[in-house]
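Nothing in this text is a laboratory measurement; each read-out follows from the coordinates by a stated rule. Bear in mind that the values here come from a model prediction, so they are computed numbers and not experimental data. Counting neighbours? That spans all protein chains shown, and the Cβs are built from the backbone with ideal geometry, glycine included.
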Amino acid sequence: MIVKEKDVCKECEAICCRNLAVPITKPKNIAEIDDLRWKLHFDTVKVYIKSRRWYLLIKGKCMYLSDTNLCKIYERRPEVCRDHKSDSCEMTGQWYDKMISSPEELDAYIKQKRKR
Ligand code: SF4
Ligand code: SF4
């Protein structure tokens, strides 16, 4: 993340350092759907699906992001940050197949999938 030597990153407000993506399992039953619906009540939380994998997307700024959008621990940043590539990131790439922003959108998505 925040690879500042690349032009695309220079024009970006470090979106990747403001997005916490947590892998989750696809909800399989009423209780799991209800639990995920509840998480989507929060305005800092979304769910996205990429290549059939589900993620919780939590908005929040990394404590090591500087006021000028640089990583304060760049040399010792975590592996997940090193692996994040600017050619397939939140700024440049198709980084999700489906974004779900509310309980209603989750219901609609599940309903649509069940019809197929
Ligand atoms: S979201 Fe993409 S363009 Fe922006 S800082 Fe992160 S890697 Fe660079
Ligand atoms: S550790 Fe650095 S690169 Fe990783 S999310 Fe925080 S500010 Fe961004």
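Dividing the summed -39500 (n - 2.57) terms of all DSSP H runs of n ≥ 4 by the residue count of the chain sets its mean residue ellipticity at 222 nm at -7500 deg cm²/dmol.
Where does each of His84, His41 land when they are ranked from fewest to most other beta-carbon atoms within 10 angstrom? Show your work: numbers first, answer last.
Details: His84 19, His41 9.
Ranked by crowding around the Cβ, least crowded first: His41, His84.
Axis angle, to the nearest 10 degrees, between helix 30-39 and the longest C-alpha principal axis of the chain: 40 degrees.
Using alpha carbons only, the radius of gyration of segment 7-115 set against its Kirkwood radius gives Rg/Rh = 1.02. Classification of segment 11-52 by its C-alpha gyration tensor yields an oblate form. The axis ratio a/c (a ≥ b ≥ c) is 1.5 or more, and b/c is at least a/b.
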